[in-house]
Amino acid sequence: MTKQDTTLWDQQRNKIISKKGGWLIGDGVYCHGYEMMNELVGKVSYMQVVVLNATGRLPERRLAECIEAAHICLSWPDSRIWCNHIGALGGTMRASSVASTVAGVLATDSRSYGIKPLKAGLSFIQAAMLAFNNGVSVADIVTNECAKHGGKPFIMGYGRPIAKGDERVPAMERVAKNLGFPVGAHLKLAYEIESVLDERFNEGMNINGYMSAFLSDQGFSPDEVYLICSTLVASGVTACYVDMRNRPAGTFLPLRCDDVLYQGKPHRLLPEQKEEL
Amino acid sequence: MINKDVRGEEMEKQQRHQKVSVRSEPFADKVSTRIWEELASSDNPYIADSSRCHGYDLIDLMRGASYIDTFYLLFRGELPSTDERQLLEKLMIGLINPGPRHPATRAAMNAGIGKTDPQHILPISLAIMGGEHLGAGEVEGAMRFMRRHRREDPARLVEQLLKERGEEQPEEGDWHIVPGFGSCFGSVDLMPSKLVTLLLELPGCGEIIKWGARFSAALEKHNMGWLNVGVAAAVFADLGFHPRSGAGLFQLLSAPGLLAHGMEQANKPITAMPFISDKAYTIDYD
């Protein structure tokens, strides 16, 4: 048998070559070129460091403030929301807050809500921008995207389950305005798409659509936003955990046996039991 | 000074969003299941007096069925045949431990030696086992790939895939030409083929495992072949499990080994595992 080339793996054995930073004991703690204790701690916000760790770039404080505000918008203490529900279930069965919060965060790796749709929202608006710059009209962008879903108004960043409209959009618009962010090219296009959708389907922009366009204007890629927002919902999940952790165990939406609708096979015997009869 | 976009300013003034209102979507009154039926006791509606799995009483299953039977029943809705039971059991043995070098096992061991609460060791390692490289995240794709191509000539398909996807091969490191098949540390992985050799001898071995073996053989000259995730996918597909269940089933089958390795480390001092020295830790920014 020929000896296989394992150089790539041999070069990595028993050593770490970090492109991010690390703790050089007795010297300092380094993070993307910054000495953390002297250059970051007390000088930049936590969210600036979150963005730095996710992207390798230290954003200006006001941009981090905007991202932080979006985290507040997307993490509220309502235990009906799917990820928060998991946190509440953790509380009612006395799981730890870490386990419950992390479980709720993990649930947002979802096609339906949370961070993946945000990533898809950025992909959509950036592709739409490209198409628009290549001469495709806003009306055609909407038509083409809806055609992928049988003509239905399913565009990432628009519409919303449970409710119509999104109170978080004007809230974030206010934050961005107060921090001095102008409406950039992606956001302008996102508004124009909203106008077409509203006219055709009576559907509007949701927080995903706003943030996707805003963050695209700030130069972020879909993958970068997914990384920055990894723990987007954590705080709301913790709140719902605490709510149930402080009540008698097992009392969060308790289910009686007949609260679950059984739709399966009726009672039957094992093959051996049938033979015995 | 902020350079305001004039058109943007106009948009800000013009933009009016919809007022928030409830959609009133018709949500179900109750959660429903075809898997499990719980019959309430007469004096407390929250206490189950009997439980049934797809119609079979749980106590009857404990008396007259094996764990593998009941496992299969849970997911497929019917008890397995003798051949199906044997095939699933052999796979469960074959995949019981990803081994101490697998990243998911190492996550379990790391949690163990770090004195993480024992109840977290399995979820931690299973989350890592969800990965798309040699993990559960690869299984669904492998099941769908084999189901879609099982009527095609494997050798011809390999040549076609190499032609179509050759440019996707990374400059360094392993390449999974399709989910479930590829190179492992630059070579053909040997253990998956050994597992399959045994599975091929079983009466319950199905057409997808047989097709996968031919596909793997055709890949060999390109230094690729079966990966464990591909073997699992082939068996799951032959047993009729839905592709979307593949990831979780793979995690379930790997769980015993992950937990065992994690617990083995839990009582050892933190020094019982290597800690890379400062000398071997280099910061090299791009």
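Among the helices (runs of 4 or more DSSP H) confined wholly to region A:38-124, which include 2 or more residues that are more than 30 Å from A:ALA249 (Cβ to Cβ)? Working first, answer last.
Numbers: elements: A:46-55, A:61-73, A:82-92, A:97-107.
Result: A:46-55, A:61-73.
Out of the residues in region B:107-152 meeting the condition of being on the phi < 0 side of the Ramachandran plot and among the basic types (Lys, Arg), tell me which one is nearest to the other protein chains (Cβ to nearest Cβ). Explain how you work it out, then say what you get.
So the first thing to find is which residues in region B:107-152 are on the phi < 0 side of the Ramachandran plot, and the list is B:107-114, B:116-133, B:135-152.
Pick out the ones that are also among the basic types (Lys, Arg) and you get B:144, B:147-148, B:150-151.
Details: B:ARG144: 16, B:ARG147: 21, B:ARG148: 21, B:ARG150: 27, B:ARG151: 29 Å.
By that ranking, first place goes to B:ARG144.
Exactly one condition in (1) within 14 Å of chain B (Cβ to nearest Cβ); (2) surrounded by fewer than 19 Cβ atoms within 10 Å (Cβ to Cβ) is not met by A:PHE214; state its number.
Of the numbered conditions (1) within 14 Å of chain B (Cβ to nearest Cβ); (2) surrounded by fewer than 19 Cβ atoms within 10 Å (Cβ to Cβ), the odd one out for A:PHE214 is (2).
Taking B:LEU79 as the residue in question, decide whether it is farther than 29 Å from B:GLY131 by Cβ, assigned to a loop (DSSP other than H, G, I, E, B) and of a type outside the set (D, E, K, R). Show your work before the answer.
Working: farther than 29 Å from B:GLY131 by Cβ: yes; assigned to a loop (DSSP other than H, G, I, E, B): yes; of a type outside the set (D, E, K, R): yes.
It is true that B:LEU79 is farther than 29 Å from B:GLY131 by Cβ, assigned to a loop (DSSP other than H, G, I, E, B) and of a type outside the set (D, E, K, R).
List the number of the failed condition for A:GLY250; all other conditions in (1) within 16 Å of the chain's Cα centre (by Cα); (2) assigned to a loop (DSSP other than H, G, I, E, B) hold.
(1)
For every residue, the table says whether it meets (1) under 25 Å from A:VAL175 (Cβ atoms); (2) at pLDDT 95 or above; (3) in contact with a Cys (Cβ under 9 Å, 6 or more places away or on another chain).
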site: A:GLU60; (1), (2), (3): yes, yes, no
site: A:GLU65; (1), (2), (3): yes, yes, no
site: A:ALA69; (1), (2), (3): yes, yes, no
site: A:ILE72; (1), (2), (3): yes, yes, no
site: A:HIS85; (1), (2), (3): no, yes, yes
site: A:ARG94; (1), (2), (3): no, yes, no
site: A:LEU106; (1), (2), (3): no, yes, yes
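Could you please give the count of residues in region A:141-196 that are assigned to a loop (DSSP other than H, G, I, E, B) and aromatic (Phe, Trp, Tyr)? Quick ask: steps written out before the conclusion?
As a first pass, look at region A:141-196 and keep what is assigned to a loop (DSSP other than H, G, I, E, B): A:148-157, A:159-162, A:165-167, A:179-184.
Imposing the further condition that a residue be aromatic (Phe, Trp, Tyr) reduces the set to A:154, A:181.
The qualifying residues number 2.
Is it the case that B:VAL20 is of a type in the set (A, V, I, L, M, F, W, C), without any contact (Cβ under 8 Å) to a residue 60 or more places away in the chain, surrounded by fewer than 15 Cβ atoms within 10 Å (Cβ to Cβ) and facing another protein chain (nearest Cβ under 8 Å)?
Details: of a type in the set (A, V, I, L, M, F, W, C): yes; without any contact (Cβ under 8 Å) to a residue 60 or more places away in the chain: yes; surrounded by fewer than 15 Cβ atoms within 10 Å (Cβ to Cβ): no; facing another protein chain (nearest Cβ under 8 Å): yes.
Criteria not met by B:VAL20.
Would you point out which residue out of A:GLY236, A:GLY250 is touching a residue at least 40 places away in the same chain (Cβ under 8 Å), out of contact with any His (no Cβ under 6 Å at 6 or more places or on another chain) and farther than 25 Å from A:TYR113 by Cβ? First the steps, then the outcome.
Numbers: A:GLY236 fails: farther than 25 Å from A:TYR113 by Cβ.
Every option except A:GLY250 fails the conditions.
Any residue that is over 24 Å from A:ASP223 (Cβ atoms), surrounded by 14 or more Cβ atoms within 10 Å (Cβ to Cβ) and not aromatic (Phe, Trp, Tyr) - is there at least one of those in region A:37-56? Steps first, answer last, please.
Filtering region A:37-56 for residues over 24 Å from A:ASP223 (Cβ atoms) gives A:37-39, A:41-43.
Then drop every residue that is not surrounded by 14 or more Cβ atoms within 10 Å (Cβ to Cβ), which leaves A:39.
Among the residues that remain, those that are also not aromatic (Phe, Trp, Tyr) are: A:39.
The answer is yes; a qualifying residue exists.
Hey, could you check region B:180-194 for residues that are buried (at least 20 other Cβ atoms within 10 Å of the Cβ) and within 12 Å of B:VAL231 (Cβ to Cβ) and say which is nearest to the chain's Cα centre (by Cα)?
B:GLY180
Inside region A:256-277, can you point out the residues that are loosely packed, with under 14 Cβ neighbours inside 10 Å and in a loop (DSSP other than H, G, I, E, B)?
Once the filter is applied, which keeps residues that are loosely packed, with under 14 Cβ neighbours inside 10 Å and in a loop (DSSP other than H, G, I, E, B), region A:256-277 yields A:ARG256, A:GLN263, A:PRO266, A:HIS267, A:LEU277.
The values are calculated or read from the model by the stated rules, or taken from the named source; none is laboratory data. If you're wondering where the values come from, they're calculated on a predicted model, not measured in any experiment. Cβ sites come from the backbone with ideal geometry, for glycine too, and all protein chains shown count toward neighbours.
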